[in-house]
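Structure record follows, encoded as structure tokens.
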Amino acid sequence: MSPIDASPSNNGRGSATWSQSWTHFSIDRRGPAYCRVTFDHPPINTITATTVVELAELVGLIEADPDLNVVVFDSANPAFYLAHYDTENDPGRTAALPPGPTGMHAWLDLLVRISRAPVASIASIRGRARGAGSEFALACDMRFASRETALLGQFEVGTGVVPGGGPTARLPRLVGRGRALEILLVADDFDGPRAEQYGYVNRAIPDAQLDDEVDQIAARLARFDHDAIARTKAYVNDVTLPADSEFPPALADFFGMLGLPRQREQSARLQELGWGTDSDLERSLGRRVVESTPDA
Amino acid sequence: MSPIDASPSNNGRGSATWSQSWTHFSIDRRGPAYCRVTFDHPPINTITATTVVELAELVGLIEADPDLNVVVFDSANPAFYLAHYDTENDPGRTAALPPGPTGMHAWLDLLVRISRAPVASIASIRGRARGAGSEFALACDMRFASRETALLGQFEVGTGVVPGGGPTARLPRLVGRGRALEILLVADDFDGPRAEQYGYVNRAIPDAQLDDEVDQIAARLARFDHDAIARTKAYVNDVTLPADSEFPPALADFFGMLGLPRQREQSARLQELGWGTDSDLERSLGRRVVESTPDA
Amino acid sequence: MSPIDASPSNNGRGSATWSQSWTHFSIDRRGPAYCRVTFDHPPINTITATTVVELAELVGLIEADPDLNVVVFDSANPAFYLAHYDTENDPGRTAALPPGPTGMHAWLDLLVRISRAPVASIASIRGRARGAGSEFALACDMRFASRETALLGQFEVGTGVVPGGGPTARLPRLVGRGRALEILLVADDFDGPRAEQYGYVNRAIPDAQLDDEVDQIAARLARFDHDAIARTKAYVNDVTLPADSEFPPALADFFGMLGLPRQREQSARLQELGWGTDSDLERSLGRRVVESTPDA
């Protein structure tokens with residue numbers, strides 16, 4: 001029996017039998033080789049210290065599961081894949097998260113481990129995937145985006161910090177220097193067609209077909225030999241993954257800049273405008289992030 | 001007189017005067033600086049030990065020819081560029097091929113040498129280029145694909161092995177990690193427009209214009225200074241070519257996995273379905289490769 | 001007060017108050033954080049030793065300006081962004097340019113320094129950007145091109161030399177080996193849509209919207225925190241910029257090949273055809289460069 005398992009009658013979210021009781025996502029184990037993870041943390045799927053702890057547990061199980069070939073990460077909220085990181089007024093809790101097995105901060109650790117896991121990981125993206133949400137998608141092996149609803153972005157520079165979860169390392173390798181600098185410095189949203197054009201996602205797929213196409217891809221991977229997948233991915237990892245040493249400095253910079261006066265003012269302004277809620281600010285964060293700048 | 005030469009009256013396939021008598025491709029030397037190589041190994045242009053031996057001879061002549069600027073590789077069969085590698089029921093013959101001048105297995109050796117040769121190499125792709133056929137195209141400097149008929153893919157993972165001829169090293173550098181993992185792990189076919197979008201080929205060109213456009217490009221290169229081409233390519237080689245050491249481990253893995261029970265069963269099933277012949281299986285191998293999996 | 005400054009009433013080209021009196025471009029400092037540089041060297045914006053000296057001065061000011069977030073480089077001539085390098089019948093003057101602070105030739109030096117500067121640089125490209133003009137655009141952080149009028153290319157190989165200002169290092173990292181070899185070896189023009197498809201530019205934008213879109217991007221960057229921009233760019237630099245040592249050998253090769261008989265003949269032929277003037281040759285240089293080859 002595999003570590004991430006479901007009862008034979010499992011046919012949807014919430015019906016799996018788990019030793020874990022995760023609260024920010026649900027699991028649908030469609031077969032020994034195929035698992036779906038659905039983010040479900042209302043109202044907008046922010047990533048918090050709790051999400052990090054739960055994802056780290058999940059990643060540990062994924063790594064240890066000899067039967068698993070593919071994990072698909074999607075969202076229960078069609079408007080928000082993963083909004084962004086939120087300290088929920090308790091930044092101390094995030095800072096106090098113990099480092100993971102790689103020795104890195106828990107967030108970096110779980111992203112690095114997903115990228116290395118001997119399993120194909122797929123982000124199936126509806127709605128907004130910004131900041132840490134984009135970082136999560138970038139750590140997955142493949143990204144498929146709803147043509148009509150996906151919005152990806154790294155808005156951090158617009159709020160006065162560097163993006164700390166690895167996109168400075170991952171994006172340039174994926175989309176090239178010019179487009180990476182546009183995504184990271186201009187810090188605006190990229191919709192499905194633009195994300196596809198830039199290589200930020202593998203493909204934009206019409207929303208009505210997204211679930212079917214991703215399911216077909218995953219079901220296909222589930223039928224293939226585990227070792228062929230794991231070894232082939234390992235060769236690609238050797239050529240494409242950033243060195244571990246590339247990640248911690250940007251995260252340290254991110255934490256250091258969080259405390260600076262300008263950033264605190266921008267953060268307070270964003271709170272007033274609707275940060276962390278299903279607000280127009282969050283729906284249009286790429287465009288509206290400039291409203292938090294001092295001269296706004 | 002250049003090492004790869006043709007009689008003055010040479011105006012098509014087979015009319016060249018050669019010391020070699022190659023059987024899996026023909027040569028049309030259109031001028032001192034411009035050579036066309038047309039794969040012609042019925043019924044579907046599989047690559048066999050014979051193809052490898054003949055291509056290795058050809059590459060040696062290409063490397064040594066001071067007049068040659070450009071080589072175009074196309075196919076006499078509009079439905080198959082190069083189907084894939086085929087041991088033709090004699091895997092021992094492939095295993096016994098002596099290593100090439102680089103010290104690597106003859107197949108890796110000739111691909112590496114084409115990539116490094118001081119000559120522009122162009123794959124003009126009609127029909128299927130899968131497995132080793134895709135590996136050959138990836139070793140060429142440029143790839144132009146028929147918009148309507150080209151199908152590229154690395155189906156190997158679908159048959160229970162790793163792709164061993166270098167695509168784990170070359171594809172990620174060409175199309176980025178996300179799309180490379182999709183091509184290699186999902187192991188499906190990519191048509192001309194998708195291959196163009198992903199950067200798998202330089203461009204997809206309407207089939208009716210493919211020959212003219214590629215010929216114009218090649219004729220242009222033929223007029224340029226050999227040294228300017230060779231030196232410019234050498235600078236790009238320094239930045240883009242995988243280290244030689246990246247190639248042999250994946251090929252060793254490929255040979256090792258060939259003997260495993262699951263792979264042998266899949267291979268036998270593919271034989272039954274029409275492997276190596278101009279069958280529906282070969283025409284739709286990307287889609288149908290899953291029929292060889294144990295649960296099919 | 002910042003090193004590159006303008007009077008409060010500055011509202012267009014030429015009204016800035018400068019210590020410098022540059023002749024090949026004008027400056028519009030739209031605010032402390034936002035500067036526009038407009039190439040204006042009739043008739044076709046060639047780059048000469050004078051341009052290099054002036055740009056090197058400008059780059060020094062950009063590097064030293066703590067208020068500056070973004071510099072946009074555009075052209076006063078809608079048909080020519082930067083035509084190419086021109087020695088103006090005095091190659092000795094170019095050769096005699098003293099090396100810059102990096103120790104490299106003045107041209108390489110200023111390109112490397114723009115790429116590293118803690119400021120976002122944007123090339124807004126109308127018309128032709130070929131040879132050194134393309135090299136300049138490639139050294140900028142982002143490139144936006146007029147969909148209808150932009151033509152980018154590295155024609156150097158067509159004239160019998162290697163491109164010496166870095167595109168052999170920068171292009172492969174931006175567009176991949178296959179497309180880089182096509183751009184550099186085939187040496188033809190790439191229009192806006194093709195340049196976008198290949199990743200040679202970030203995006204092609206309809207000409208009527210180019211100025212507005214680039215201005216919106218730049219105005220947005222001007223409102224962001226300087227340090228967040230500078231640090232984020234620095235992380236991307238670590239991952240994407242070629243080593244300094246990659247640049248000088250190709251430039252040395254370029255200078256060495258300039259003196260060879262074939263190249264001198266091609267150069268003389270290009271002079272006869274209209275080189276350096278607003279001629280049909282210059283407008284169609286990608287196509288017509290073959291007219292300079294010995295067999296033409």
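The values are calculated or read from the model by the stated rules, or taken from the named source; none is laboratory data. From a predicted model like this one, the values you see are computed outputs, not experimental measurements. All Cβ positions, glycine included, derive from the backbone under ideal geometry; neighbour counts span all protein chains shown. Note: areas computed on protein heavy atoms with side chains; ligands, DNA, RNA excluded. Shrake-Rupley method; radii C 1.70, N 1.55, O 1.52, S 1.80 Å.
Output the residue which, of all residues in the range C:125-158 that are open to solvent by 10 Å² or more (accessible area, probe 1.4 Å) and within 11 Å of chain B (Cβ to nearest Cβ), is farthest from residue B:145 (Cα to Cα).
Among residues in the range C:125-158 that are open to solvent by 10 Å² or more (accessible area, probe 1.4 Å) and within 11 Å of chain B (Cβ to nearest Cβ), the one farthest from residue B:145 (Cα to Cα) is C:156.
In the range A:190-231, which residues are open to solvent by 40 Å² or more (accessible area, probe 1.4 Å) and in a loop (DSSP other than H, G, I, E, B)?
Of everything in the range A:190-231, just one residue is open to solvent by 40 Å² or more (accessible area, probe 1.4 Å) and in a loop (DSSP other than H, G, I, E, B), namely A:206.
Taking residue C:249 and the conditions (1) at pLDDT below 95; (2) buried (at least 16 other Cβ atoms within 10 Å of the Cβ), which numbered condition does it fall short on, given that it satisfies the others?
Answer for residue C:249: the failing condition is (1).
Within the set of pairs 6+ apart or on separate chains, which have a first residue in the range C:226-252 that is at the interface with chain A (Cβ under 7 Å from one of its Cβ atoms), a second that is open to solvent by less than 60 Å² (accessible area, probe 1.4 Å) and of a type in the set (Lys, Arg), and C-beta atoms under 7 Å apart?
Partner pairs satisfying both residue conditions: C:236/A:177; C:240/A:177.
Does residue A:218 fit the bill of being among the small types (Gly, Ala, Ser), at pLDDT 95 or above, under 20 Å from the mean Cα position of the chain (by Cα) and closer than 23 Å to residue B:182 by Cα?
Answer is yes for this residue.
Within the range A:108-124, work out how many residues are out of contact with any strand residue (DSSP E or B) (no Cβ under 6 Å at 6 or more places or on another chain), within 14 Å of chain B (Cβ to nearest Cβ) and assigned to a helix (DSSP H, G or I).
4
Which of (1) in contact with a helix residue (DSSP H, G or I) (Cβ under 7 Å, 6 or more places away or on another chain); (2) away from chain A (no Cβ under 11 Å) does residue C:215 not meet, given it meets every other one?
Result: residue C:215 passes all but (1).
Conditions: (1) at pLDDT 95 or above; (2) open to solvent by 10 Å² or more (accessible area, probe 1.4 Å); (3) outside any strand (DSSP E or B). Residue B:93 meets all but one. Number of the miss?
Unmet condition: (1).
Which of the numbered conditions does residue A:274 fail, given that it passes all the others? Conditions: (1) farther than 30 Å from residue A:122 by Cβ; (2) within 14 Å of chain B (Cβ to nearest Cβ); (3) not aromatic (Phe, Trp, Tyr).
Unmet for residue A:274, out of (1) farther than 30 Å from residue A:122 by Cβ; (2) within 14 Å of chain B (Cβ to nearest Cβ); (3) not aromatic (Phe, Trp, Tyr): (2).
Does residue A:175 count as hydrophobic (A, V, I, L, M, F, W, C), out of contact with any Asp or Glu (no Cβ under 8 Å at 6 or more places or on another chain) and within 14 Å of chain C (Cβ to nearest Cβ)?
yes
Would it be correct to say that residue B:258 is closer than 23 Å to residue B:111 by Cβ, of a type in the set (A, V, I, L, M) and open to solvent by 50 Å² or more (accessible area, probe 1.4 Å)? Please lay out each step first, then the result.
Details: closer than 23 Å to residue B:111 by Cβ: yes; of a type in the set (A, V, I, L, M): yes; open to solvent by 50 Å² or more (accessible area, probe 1.4 Å): yes.
Criteria met by residue B:258.
A quick yes/no check of all residues on (1) touching a residue at least 12 places away in the same chain (Cβ under 8 Å); (2) within 18 Å of residue C:121 (Cα to Cα); (3) acidic (Asp, Glu):
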site: C:175; (1), (2), (3): yes, no, no
site: C:183; (1), (2), (3): yes, no, no
site: C:209; (1), (2), (3): no, no, no
site: C:218; (1), (2), (3): yes, yes, no
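I need the full set of residues from the range B:235-246 which are aliphatic (A, V, I, L, M) and buried (at least 16 other Cβ atoms within 10 Å of the Cβ), in order please.
Passing the criteria: B:236, B:239, B:241.
Determine if the range C:99-122 includes at least one residue that is touching an Asp or Glu at 6+ places or on another chain (Cβ under 9 Å), hydrophobic (A, V, I, L, M, F, W, C) and open to solvent by 30 Å² or more (accessible area, probe 1.4 Å).
no
Identify, from the list A:262, A:170, the residue that is touching a Gly at 6+ places or on another chain (Cβ under 7 Å), in a helix (DSSP H, G or I) and among the basic types (Lys, Arg). It would help to see each step written out before you state the result.
Numbers: A:170 fails: touching a Gly at 6+ places or on another chain (Cβ under 7 Å).
The conditions single out A:262.
Taking the condition of being under 26 Å from residue C:97 (Cα atoms) and open to solvent by 80 Å² or more (accessible area, probe 1.4 Å), how many residues in the range C:261-285 meet it?
Here the count works out to 4.
Give just the number: which of (1) assigned to a helix (DSSP H, G or I); (2) farther than 18 Å from residue B:229 by Cβ; (3) hydrophobic (A, V, I, L, M, F, W, C) does residue C:181 not satisfy?
In the conditions (1) assigned to a helix (DSSP H, G or I); (2) farther than 18 Å from residue B:229 by Cβ; (3) hydrophobic (A, V, I, L, M, F, W, C), residue C:181 misses (2) alone.
Could you list all residues from the range B:52-66 that are surrounded by fewer than 21 Cβ atoms within 10 Å (Cβ to Cβ) and outside any helix (DSSP H, G or I)?
Correct list: B:66 only.
Using the structure shown, decide if residue C:204 is closer than 15 Å to residue C:117 by Cβ and among the hydrophobic types (A, V, I, L, M, F, W, C).
no
Quick test for you: out of A:169, A:195, A:243, A:228, pick the one residue that is touching a helix residue (DSSP H, G or I) at 6+ places or on another chain (Cβ under 6 Å) and over 30 Å from residue B:295 (Cα atoms). Working first, answer last.
Details: A:195 fails: touching a helix residue (DSSP H, G or I) at 6+ places or on another chain (Cβ under 6 Å); A:243 fails: touching a helix residue (DSSP H, G or I) at 6+ places or on another chain (Cβ under 6 Å); A:228 fails: over 30 Å from residue B:295 (Cα atoms).
Of A:169, A:195, A:243, A:228, the one residue that is touching a helix residue (DSSP H, G or I) at 6+ places or on another chain (Cβ under 6 Å) and over 30 Å from residue B:295 (Cα atoms) is A:169.
Residue C:145 fails exactly one of the following numbered conditions: (1) closer than 21 Å to residue B:226 by Cβ; (2) in contact (Cβ under 8 Å) with a residue 60 or more places away in the chain. What is the number of that condition?
Against the list (1) closer than 21 Å to residue B:226 by Cβ; (2) in contact (Cβ under 8 Å) with a residue 60 or more places away in the chain, residue C:145 comes up short only on (1).
Can you name every residue in the range A:276-296 that is in contact (Cβ under 8 Å) with a residue 24 or more places away in the chain, in contact with a helix residue (DSSP H, G or I) (Cβ under 7 Å, 6 or more places away or on another chain) and of a type in the set (A, V, I, L, M, F, W, C)?
A:289, A:290, A:296 - these are the residues of the range A:276-296 that are in contact (Cβ under 8 Å) with a residue 24 or more places away in the chain, in contact with a helix residue (DSSP H, G or I) (Cβ under 7 Å, 6 or more places away or on another chain) and of a type in the set (A, V, I, L, M, F, W, C).
Restricting to the range B:21-51, and then to whatever is of a type in the set (Val, Ile, Thr) and open to solvent by less than 30 Å² (accessible area, probe 1.4 Å), can you tell me which residue is nearest to residue B:114 (Cα to Cα)?
Residues of the range B:21-51 that are of a type in the set (Val, Ile, Thr), as a first pass: B:23, B:27, B:37-38, B:44, B:46-48, B:50-51.
Now restrict to residues that are open to solvent by less than 30 Å² (accessible area, probe 1.4 Å): B:27, B:37-38, B:44, B:46-48, B:51.
Working: B:27: 16, B:37: 13, B:38: 16, B:44: 23, B:46: 19, B:47: 16, B:48: 18, B:51: 15 Å.
Restricting to residues being of a type in the set (Val, Ile, Thr) and open to solvent by less than 30 Å² (accessible area, probe 1.4 Å), the top hit is B:37.
Please go through the range C:194-215 and pick out each residue that is within 30 Å of residue C:161 (Cα to Cα) and within 19 Å of the chain's Cα centre (by Cα). Break it down into steps so the answer makes sense when it comes.
First, the residues of the range C:194-215 that are within 30 Å of residue C:161 (Cα to Cα): C:194-204.
The answer is C:194, C:195, C:196, C:198, C:199, C:200, C:201, C:202, C:203, C:204.
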